[in-house]
Amino acid sequence: MIDDMLRTPEAIRDAERWTAHNYHPLPVVISSAEGSWLTDVDGRRYLDCLAGYSALNFGHRYPTLIAAAHAQLDRLTLTSRAFIHDQFADFCRELAELCGKDLVLPMNTGAEAVETGIKVARKWGYQVKGVTPGQANIVVAEGNFHGRTTTIVSFSTDEDARADFGPYTPGFTIVPYGDLAALTAAIDENTVAVLIEPIQGEQGVVVPPEGYLPGVRRVCTQQNVLFIADEIQSGLGRTGDTFACDHEGVTPDMYLLGKALGGGIVPVSAVAANTDVLGVLRPGQHGSTFGGNPLACAVATEVVRLLATGEFQRRSVELGARLHAGLRALVGRGLVAVRGRGLWAGLDIDPALMSGREACERLAGRGVLAKDTHGATIRLAPPLVITEEEIDHAVDQLAAVLAG
Ligand SMILES: Cc1ncc(COP(=O)(O)O)c(C=O)c1O
């Protein structure tokens with residue numbers, strides 16, 4: 001097709017004209033998708049190696065998820081929590097069982113789940129632990145990414161995310177990620193929770209040292225502090241287990257979930273915890289008009305059922321091994337490091353060759369979509385339905401980009 005017949009340039013111009021520039025997307029305009037593949041407005045196909053930052057763990061338009069959504073659209077979509085609907089109990093029970101927890105509190109976005117976790121931990125601190133009123137603190141990690149609300153960016157260490165959005169919410173102590181001694185030293189009598197990602201996604205898929213998560217669990221138990229695991233990106237099959245904490249046999253007091261819980265169809269997030277923790281909330285103290293709506297519950301129940309089979313976790317282990325083997329072979333040939341677990345990888349490009357952004361643009365030119373972060377790093381998080389051949393294809397295209 002000759003260039004001036006393409007629809008992409010005008011679609012990009014229109015999008016830029018009518019939106020705030022809070023993102024810097026790759027110059028592709030997607031119009032349809034199926035499984036691991038996307039098609040743009042000019043009919044070009046791309047292998048999706050980002051999967052909506054793990055929101056599309058089951059790929060695009062997974063048949064049973066789409067069927068659940070269609071069926072629910074034809075029956076009931078929204079009630080608000082003023083009434084109970086018939087999809088609510090099954091979703092909450094099945095998700096609670098998947099998490100091994102007593103209770104679930106559904107919300108919509110990941111940031112809302114994090115805010116919910118913070119509120120619940122503070123209230124638990126005052127009512128159950130006996131923390132001095134107004135003095136609760138939460139220990140968090142350097143390099144964290146937990147969302148974009150004013151409270152959450154208050155404890156971000158990324159200046160782009162934080163600067164100029166103050167005044168900031170107090171009550172957070174930041175320690176280096178992966179450093180158990182620093183975390184232990186930061187805990188005092190007013191600490192109500194430790195809030196960490198078991199693998200830091202946005203930071204570049206940073207895996208903490210072996211033993212760190214069990215150490216956090218031990219310290220939290222000893223000090224009567226809640227261990228809150230933000231599994232919004234790492235959970236629900238991404239790393240080869242249902243939760244990234246499972247890899248080290250660790251059970252947090254509270255799971256924060258989102259992204260893949262909505263099946264790539266609707267925003268669904270949730271907090272899962274036992275009754276002694278989530279039971280501190282009373283009517284009127286927290287909520288959301290859309291949280292736990294019938295459409296969300298119908299889709300998310302199907303997500304939980306897919307995960308309960310274990311098939312997607314297995315795929316992540318097996319295909320992840322293939323992905324990581326392929327990527328490791330590129331270390332020294334354009335990559336300087338590869339990290340990650342399961343179908344999740346952070347790659348550091350040799351900065352002498354090109355930036356992460358440039359690598360992603362060149363990959364897009366070869367029909368593979370991925371996303372850069374922090375300069376020279378690329379994240380790969382393909383849908384868990386990806387095939388061996390598709391993984392090999394993605395690695396081959398990356399090798400070609402790095403070879404120039
Ligand atoms: C670990 C983690 N927590 C929270 C969030 C925020 O989720 P949302 O963008 O749905 O608010 C994200 C999003 O990338 C995340 O990766």
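The values are calculated or read from the model by the stated rules, or taken from the named source; none is laboratory data. The structure presented is a predicted model; accordingly, all values stated were derived computationally and were not measured. Quick reminder, even Gly has a Cβ in these numbers, built from the backbone with ideal geometry, and neighbours come from all protein chains shown. Just so you know, the surface numbers come from the protein's heavy atoms only, side chains and all, with ligands and any DNA or RNA stripped out. Shrake-Rupley method; radii C 1.70, N 1.55, O 1.52, S 1.80 Å.
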Using the Kirkwood radius over Cα pairs, work out the Stokes-Einstein diffusion coefficient for the range 362-404 at 25 °C and 0.890 mPa s, in µm²/s as a whole number.
221 µm²/s
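Determine the calculated [θ] at 222 nm for the chain from helices alone, applying -39500 (n - 2.57) to every DSSP H run no shorter than 4 residues and normalising by the residue count; nearest 500 deg cm²/dmol. Provide the component values of the computation, followed by the final result.
Numbers: 14 runs with 142 residues, N = 404.
That comes out to -10500 deg cm²/dmol.
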Not counting ligands, DNA or RNA, and with a 1.4 Å probe, what is Lys101's accessible surface area in Å² rounded to the nearest 10?
20 Å²
Give the angle, between 0 and 90 degrees and rounded to the nearest 10, that separates the Cα long axis of helix 212-223 from the longest principal axis of the Cα atoms of the chain.
10 degrees
Cα to Cα, under 25 Å, and not fewer than 8 places away if on the same chain: which lysines meet these conditions relative to Lys129?
Lys101, Lys119
Of all DSSP beta bridges in the range 179-263, antiparallel share, percent nearest 5:
10 percent
Euclidean distance of C-alpha centroids, the range 83-117 and the range 261-282, integer Å
3 Å
Degrees between helix 63-73 axis and first principal axis of the chain (Cα, 0 to 90, nearest 10)
60 degrees
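Using a 1.4 angstrom probe with every protein chain in place, what is the largest-first accessible-area order of Trp18, Trp124?
On the way: Trp18 185, Trp124 15 Å².
The ranking, largest first, comes out as Trp18, Trp124.
Ignoring ligands, DNA and RNA, please state the percent of accessible area on the chain from carbon and sulfur, probe 1.4 Å.
On the way: 9190 of 17500 Å².
Taking all protein chains in place, the chain shows 53 percent carbon and sulfur surface.
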Going Cα to Cα from Lys371, which lysines come in below 30 Å? Please leave out same-chain ones fewer than 8 positions away.
Lys259
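Could you state the accessible area per residue of the chain in Å², with a 1.4 Å probe and every protein chain left in place? Show your work: numbers first, answer last.
On the way: 17500 Å² over 404 residues.
Spelled out: the 1.4 Å probe surface of the chain, per residue, equals 43 Å².
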How large, in Å, is the range 218-259 by the Kirkwood hydrodynamic radius built from its alpha-carbon pairs?
10.7 Å
Packing-ranked peptide list from 261-269, 327-335, 20-28, highest mean Cβ count within 10 angstrom first, is 261-269, 327-335, 20-28
Given N residues in the range 1-157, what is its alpha carbon radius of gyration divided by 2.2 N^0.38 Å?
1.43
Choice from Gln72, Gln200, Gln222 showing the highest fluctuation, given a GNM over the chain with Cα pairs closer than 10 Å:
Gln222
Shape box of the range 139-192 [Cα atoms, principal axes, largest first, Å]:
31, 22, 14
Percent of alpha-carbon pairs separated by more than 40 Å within the chain:
15 percent
Dividing the convex hull volume of the Cα atoms of the range 258-402 by its residue count, what figure in Å³ per residue is obtained?
152 Å³
Nearest-10 value in Å² for the accessible area of Leu105, using the 1.4 Å probe:
30 Å²
